[in-house]
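*Asks:* Questions regarding the structure given below will be posed in turn.
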Amino acid sequence: MEKAELIWMNGKLVPWDEANVHVLSHGLHYGTGVFEGLRAYETEGGTAVFRHREHLERLVRSAQLYYLDLPYTVDELRSATHELIRRNGFTSCYIRPLAFRGYGEMGLYAQDAPIEMIVAVWEWGAYLGDDGKRNGVRAKVSSWRRISPQGLIPHAKASGQYLNSILAKTETARAGYDEAILLDERGLVCEGSGENIFLVRDGTLVTPPHTASILDGITRRSVIQIARDLGYTVVERDVARAELYLAEEVFLTGTAAELVPVREVDDHDLGEPGEITRHIQAKFEDAVCGRAEEYLEWLDVVEQPSKVTG
Ligand SMILES: Cc1ncc(COP(=O)(O)O)c(C=O)c1O
């Protein structure tokens, strides 16, 4: 990864190479952390963070689900992120806030291990590649099932939970595919290893519901709204595996990947990215780049310090 100059760590901006933790940090051993992934885009109005508050609110909720009291508020984290982007001189970037149990106590009920927080920003291109965004990716259903609400919390974006996504991603990458699709514990379609999933069936958009162990993706929410505003019907319902092969179109949505067409699932050819996928993808790109008036409220423009005159 490409280094930036500064990282925000526990309230201070520190040089990238000095943002270090103790090897006995609790989160390193047990995965006790929650995080977010956001993107800031270059827009005509300045650098803007896409749905900043929604992401930070999801971070707070993830923390609550794991009984972690965050030492900073949403407003404090928002201002810190603005300053971090400004001081690193980015016009667009990926943003990674993370809260984790630090060094101080071991064991599984380590209430005295402090909660540390960082926000890092760096330049990160299309997660599944520019070619993937344009021409679609090859996906494979993983043999690993998505974490179940019987053992973990699919609604939380928690560090340790990502071992499940990593197993699925590793399996399918080693088999030569671009992305993994996970089924839920019932064998129904859930999501990609780091993206939500949509299908087009008889012209209707279909996406698995909250009860299918998905992460409540912010790109998913945005795409549902965009699709409805464009006049498409969107249905949240359970999806059978075979529907992935029978769909007219399939696409993935996520902050890192953005909106990516799927051109193949389990070696079933779905063809070139479809018209509906393209239509929504173009509108989503307009929205993140500030070219869609109706979605400007989704953009949190990074305030620049006012120029001193005279
Ligand atoms: C497992 C998983 N599902 C879905 C998503 C998509 O969520 P979002 O659109 O909020 O980035 C992500 C990415 O954060 C993810 O890690």
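Quick grid of which residues meet (1) aromatic (Phe, Trp, Tyr); (2) more than 16 Å from the ligand (Cβ to nearest atom); (3) under 22 Å from residue 193 (Cβ atoms); (4) touching an Asp or Glu at 6+ places or on another chain (Cβ under 7 Å):
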{"site": "234", "(1), (2), (3), (4)": "no, no, no, no"}
{"site": "246", "(1), (2), (3), (4)": "no, yes, no, no"}
{"site": "259", "(1), (2), (3), (4)": "no, no, yes, no"}
{"site": "265", "(1), (2), (3), (4)": "no, yes, yes, no"}
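*Asks:* Output the number of the condition that residue 272 fails; it satisfies all remaining conditions of (1) outside any loop (DSSP other than H, G, I, E, B); (2) touching a helix residue (DSSP H, G or I) at 6+ places or on another chain (Cβ under 8 Å).
*Replies:* Against the list (1) outside any loop (DSSP other than H, G, I, E, B); (2) touching a helix residue (DSSP H, G or I) at 6+ places or on another chain (Cβ under 8 Å), residue 272 comes up short only on (1).
*Asks:* Looking at (1) crowded, with 22+ Cβ neighbours inside 10 Å; (2) within 14 Å of the ligand (Cβ to nearest atom); (3) not acidic (Asp, Glu), find the lone condition where residue 199 falls short.
*Replies:* (2)
*Asks:* Moving on. For region 168-189, which positions are touching a residue at least 12 places away in the same chain (Cβ under 8 Å), within 15 Å of residue 145 (Cα to Cα) and out of contact with any helix residue (DSSP H, G or I) (no Cβ under 9 Å at 6 or more places or on another chain)?
*Replies:* Selection gives 168, 169, 171, 172, 185.
*Asks:* Do the conditions hold for residue 78, that is, is it touching a residue at least 60 places away in the same chain (Cβ under 8 Å) and either within 16 Å of the ligand (Cβ to nearest atom) or farther than 16 Å from residue 119 by Cβ (or both)?
*Replies:* Considered against the rule, which asks whether it is touching a residue at least 60 places away in the same chain (Cβ under 8 Å) and either within 16 Å of the ligand (Cβ to nearest atom) or farther than 16 Å from residue 119 by Cβ (or both), residue 78 comes out as no.
So that you can scan it fast, the table gives a plain yes or no per residue for (1) open to solvent by 20 Å² or more (accessible area, probe 1.4 Å); (2) of a type in the set (S, T, N, Q); (3) out of contact with any Asp or Glu (no Cβ under 8 Å at 6 or more places or on another chain); (4) away from the ligand (no atom under 11 Å from the Cβ):
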residue: 169; (1), (2), (3), (4): yes, no, no, no
residue: 188; (1), (2), (3), (4): yes, no, no, yes
residue: 195; (1), (2), (3), (4): no, no, no, no
residue: 212; (1), (2), (3), (4): no, no, no, yes
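*Asks:* Just for region 107-122: of the residues that are of a type in the set (Gly, Ala, Ser) and surrounded by 15 or more Cβ atoms within 10 Å (Cβ to Cβ), which one is nearest to the ligand (Cβ to nearest atom)?
*Replies:* Top of the filtered list is 120.
*Asks:* Within region 244-254, track down each residue that is charged (D, E, K, R) and either part of a loop (DSSP other than H, G, I, E, B) or surrounded by fewer than 16 Cβ atoms within 10 Å (Cβ to Cβ) (or both).
*Replies:* Scanning region 244-254 gives a single hit, 248.
*Asks:* Here is a further query. Considering (1) over 20 Å from residue 180 (Cβ atoms); (2) open to solvent by less than 40 Å² (accessible area, probe 1.4 Å); (3) touching a residue at least 24 places away in the same chain (Cβ under 8 Å); (4) within 16 Å of the ligand (Cβ to nearest atom), say which one residue 224 fails and leave the rest.
*Replies:* (3)
*Asks:* Shifting gears a bit: Scanning region 123-144 for residues that are in contact with a strand residue (DSSP E or B) (Cβ under 6 Å, 6 or more places away or on another chain) and of a type in the set (Lys, Arg), which turns out least open to solvent (accessible area, probe 1.4 Å)?
*Replies:* Per the criteria, the residue is 133.
*Asks:* Take residue 207 and tell me if it is of a type in the set (Val, Ile, Thr), out of contact with any strand residue (DSSP E or B) (no Cβ under 6 Å at 6 or more places or on another chain) and either under 21 Å from residue 154 (Cα atoms) or open to solvent by less than 20 Å² (accessible area, probe 1.4 Å) (or both).
*Replies:* no
The values are calculated or read from the model by the stated rules, or taken from the named source; none is laboratory data. This is a predicted model, so every value here is computed, not measured. Every residue, glycine as well, gets a Cβ built from its backbone with ideal geometry; the counts of neighbours run over all protein chains shown. Just so you know, the surface numbers come from the protein's heavy atoms only, side chains and all, with ligands and any DNA or RNA stripped out. Shrake-Rupley method; radii C 1.70, N 1.55, O 1.52, S 1.80 Å.
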